[in-house]
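Notes follow the structure.
The values are calculated or read from the model by the stated rules, or taken from the named source; none is laboratory data. Keep in mind that what you see is a predicted model, and the values were worked out from it rather than measured. When we count neighbours, we look across all protein chains shown, and the Cβ atoms used for this are built from the backbone with ideal geometry, even at glycine.
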Amino acid sequence: MGRKSVAVLDVRSSEISVMVGERGVNNTFVFKAIQTEEYDGYDESSFLDEAGLASAVVNAVTAVERICGERIRELFVGVPGAFTRVVPKEQLVGFPKLRTIGQKEVDALFASGQKAPKGFRFIRATSMIYVTADDRRVIDPIGLTSTSLSGVLSYFYCSDYFAKTMEHIFADMQIELRYLPTQLAMATYLIPSETRDEYALFLDVGFMSTSLCVLLGNGILAQRTYFVGKGQIAYHLMQRFSISYGTALSMLSRANLFSKSSGAKTEVTEGDVTHEIDMDAFVDTVKEGLDGICEKIGAFLEECSGKELEAKPLYVTGEGLADIRGALEHISKRISRVCEQLAPDLPYYNKPAMSSRIALLDLAYEDHLKQGLFYKLAKKFGG
């Protein structure tokens, strides 16, 4: 890839996407290639079909390289919430005497807590808040003088299983892999920093999994992933109305929970069989599926209860709810909390289903710049 381009692999619960892009004007992106492939997804600890995943990834990478006309040498891989562990830690480094804090001191603070839990490997650390010896709480400590520096930091770890699976897929492709926590990328890209500095709640509803986060500053205080999503709602529709899974998904994508059908029925034909579906029952079944998501949200909020979160809205994104009219309003009513849908602020890509792809591309581009000589020199000389 060219020096200005980055390549990203986004692993969602029903499809993977490989994309290559570079920064455009006004913080936008110019996409050179995007290829999406479906696969069978994953459960709490593993992919359901590793061979199918490998085939999807290889096909996507091959297609993108063909479109771009060059090889991918470095690939940023988004790690889904199901394969990520987030550990908030309070770390402290002391200095022999008063000194001006620079990047070296900040790096030492982060390095003091990187040890990974068993079965995981360290991939990233971010800050929520820094505190100097005189109890100054700051977002950026560089340039301040102090005899110590402490911080509430978020450490992100990728499961060994996920990393080894990816390394096996790319073993013969001569591509260097770098891992990014997908939920962190999405939350920090979509939610403004001034909002995150006062705590924020983030919900990513996918096809087969849903992740919830509590954010503070540039870090995550708590993160949980549950295996509920659009796919499970479609499964309930399939069972209740004896229709195919594909038909259930198609109908779900056109669902309108605001409609009052008053006993109206619709006919659905599959091959030689025609099904008559009561639309009131259909809407009730969709709402029951959404209630399953609400139960997980409620459990998470109870686990993370505190006055800091009492009046906070829930920021929602992902492909799971975006095309179900009334879904967000139903969840808001059930959990008694304002829900706000987020999507990338980019022409043609301003859809919740694109959030993870654009967010990962944004974070990958930031990391790509930090690897450059100019960035290293600027940091060394205080630029």
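Points worth noting:
- Selection over region 83-126 of residues that are in a strand (DSSP E or B) and closer than 18 Å to residue 142 by Cβ gives a count of 10.
- Options 360, 321; residue that is assigned to a helix (DSSP H, G or I), aliphatic (A, V, I, L, M), under 21 Å from residue 14 (Cβ atoms) and in contact with a helix residue (DSSP H, G or I) (Cβ under 9 Å, 6 or more places away or on another chain): 360
- Restricting region 1-35 to residues that are under 17 Å from the mean Cα position of the chain (by Cα) and of a type in the set (S, T, N, Q), the residue that is surrounded by the most Cβ atoms within 10 Å (Cβ to Cβ) is 13.
- Residue count for region 25-55, restricted to those that are modelled with pLDDT of 95 or more and assigned to a helix (DSSP H, G or I): 6.
- Total residues in region 158-181, condition buried (at least 18 other Cβ atoms within 10 Å of the Cβ) and under 19 Å from the mean Cα position of the chain (by Cα): 8
- Looking at 224, 196, 178, just one residue is in contact with a strand residue (DSSP E or B) (Cβ under 9 Å, 6 or more places away or on another chain), free of Cβ contacts under 8 Å to residues at least 40 places away in the same chain and within 30 Å of residue 367 (Cβ to Cβ), and that residue is 196.
- With respect to (1) surrounded by 23 or more Cβ atoms within 10 Å (Cβ to Cβ); (2) assigned to a helix (DSSP H, G or I), the lone exception for residue 155 is condition (2).
- Some residue of region 196-206 being surrounded by fewer than 24 Cβ atoms within 10 Å (Cβ to Cβ), aromatic (Phe, Trp, Tyr) and touching a helix residue (DSSP H, G or I) at 6+ places or on another chain (Cβ under 7 Å): yes
Residue-wise test of (1) acidic (Asp, Glu); (2) touching a strand residue (DSSP E or B) at 6+ places or on another chain (Cβ under 6 Å).
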site: 232; (1), (2): no, no
site: 236; (1), (2): no, no
site: 270; (1), (2): yes, no
site: 273; (1), (2): no, no
site: 277; (1), (2): no, yes
site: 281; (1), (2): no, no
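- Complete set of residues in region 246-297 that are of a type in the set (Lys, Arg), free of Cβ contacts under 8 Å to residues at least 40 places away in the same chain and closer than 21 Å to residue 332 by Cβ: 260
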